[in-house]
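Novice: Below is the structure I would like to discuss, written out as structure tokens.
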């Protein structure tokens, strides 16, 4: 027995050593997520799931993985996802799909979307709205190792006014809504109700609080640019969230609703399609991020042209937003407003998140700014810059690689071929 116990200890020790020996990733260049240019050559050393060295030579005894003519980058961050949904060309024709789909089915679908997102190089996401707490369950499952996916910060249900963009019964006939949605559904209509709604979301596991400050594109009965919350309601919501140490995000296409949210101290404006220069100036002054989600209206317009069956009212709203948002984004860049990277994943197919980089550059951002928005920029926005967002000693070993130099050809961001999260390799096409 003594000999067997000794052998078992030695075997287990060997396994532990094998798991925690250093790994050195090599590539032609490295973009650290914070600067304006890449350095060459690129080297990152990982041990026990953390970055322990950037640059220099690989330490003796390290396993070396040479990725060739590629660029190492921090794991990418998408600050505006909906992993629990996926629009289709027939989404608005299939009116009863959501009613027929159980939370368990939605969880399996969300798990598949999460894995697709991770393999596309996005190792962290902020999921800004889901029903039935599926996003929180998915986050917990990933954290427990039951599913593969990115680090998730989740909002639970987005908060909003009765009949507004975050009211899931918007557009339904009264007979189909026997009980009006309440605070547990994220629907609130006074400052006190918004305080309680924030507390409820946090009670049930929300990491971040999302609010619909204006109308939206895909909701049936509201105008896309109208404000939907009063200044007092937004003040109460943001104050309560910040008091409970949660970041906040405001869906806001229209200028007035966005302006109110910025005045309330919101951390980010999502979409921002019709922001005026004075609101952008206020955002610059207060340090508010703009998360433009350029891919969402672009994909919708392309889908309309491809035959998507959708109500004419929604089509008109999407076309109007698509025509305006690029101008707003360019003005924000020129004014030095902080830019976050978010895509509205779920409006377009999951896994295509990196197309946002190309749209940002086409609209006026430099490649370096676009890359920083999805790395150190989003890390700052989400309050997790001590863990992710840059290739620095002590950070999580969340690392991706793309062929060539994305600063010279931003489209290479759609060609992620290596993905590491927490020191574990989830994808390495270079070895094939």
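The values are calculated or read from the model by the stated rules, or taken from the named source; none is laboratory data. Computed from a predicted structure; not experimentally measured. Using ideal geometry, Cβ is built from the backbone for each residue, glycine included, and neighbour counts are taken over all protein chains shown.
Novice: All but one of (1) outside any loop (DSSP other than H, G, I, E, B); (2) touching a residue at least 40 places away in the same chain (Cβ under 8 Å); (3) in contact with a strand residue (DSSP E or B) (Cβ under 8 Å, 6 or more places away or on another chain) hold for residue 314; state the number of the condition that does not hold.
Specialist: Going through (1) outside any loop (DSSP other than H, G, I, E, B); (2) touching a residue at least 40 places away in the same chain (Cβ under 8 Å); (3) in contact with a strand residue (DSSP E or B) (Cβ under 8 Å, 6 or more places away or on another chain) one by one, residue 314 breaks only (3).
Novice: All but one of (1) at pLDDT 95 or above; (2) in a loop (DSSP other than H, G, I, E, B); (3) over 21 Å from residue 267 (Cα atoms) hold for residue 389; which doesn't?
Specialist: (3)
Novice: Hey, does the stretch 257-265 have a residue that's more than 18 Å from residue 239 (Cβ to Cβ), in contact (Cβ under 8 Å) with a residue 24 or more places away in the chain and more than 23 Å from the chain's Cα centre (by Cα)?
Specialist: Checked the stretch 257-265: no residue is more than 18 Å from residue 239 (Cβ to Cβ), in contact (Cβ under 8 Å) with a residue 24 or more places away in the chain and more than 23 Å from the chain's Cα centre (by Cα).
Novice: Take residue 394 and decide whether it is more than 20 Å from the chain's Cα centre (by Cα), touching a residue at least 40 places away in the same chain (Cβ under 8 Å) and either within 20 Å of residue 376 (Cα to Cα) or buried (at least 18 other Cβ atoms within 10 Å of the Cβ) (or both).
Specialist: Yes; evaluated as a whole, the condition is true for this residue.
Residues checked against (1) crowded, with 17+ Cβ neighbours inside 10 Å; (2) in contact (Cβ under 8 Å) with a residue 12 or more places away in the chain; (3) not assigned by TED's automatic domain parsing to the domain that holds residue 117:
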| site | (1), (2), (3) |
| --- | --- |
| 147 | yes, yes, no |
| 152 | yes, yes, no |
| 165 | yes, yes, no |
| 176 | no, no, no |
| 198 | yes, yes, no |
| 207 | yes, yes, no |
| 211 | yes, yes, no |
| 217 | yes, yes, no |
| 226 | no, yes, no |
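Novice: Take the stretch 317-337 and flag every residue that is in contact with a strand residue (DSSP E or B) (Cβ under 9 Å, 6 or more places away or on another chain) and farther than 21 Å from residue 406 by Cβ.
Specialist: 321, 325, 328, 332, 337
Novice: Which of (1) assigned to a helix (DSSP H, G or I); (2) surrounded by fewer than 19 Cβ atoms within 10 Å (Cβ to Cβ) is the odd one out, the single condition residue 114 does not satisfy?
Specialist: (2) is the only condition that residue 114 fails.
Novice: Quick check: anything in the stretch 367-384 assigned by TED's automatic domain parsing to the domain that holds residue 351 and over 28 Å from residue 207 (Cβ atoms)?
Specialist: Checked against the condition, which is being assigned by TED's automatic domain parsing to the domain that holds residue 351 and over 28 Å from residue 207 (Cβ atoms), the stretch 367-384 yields at least one hit.
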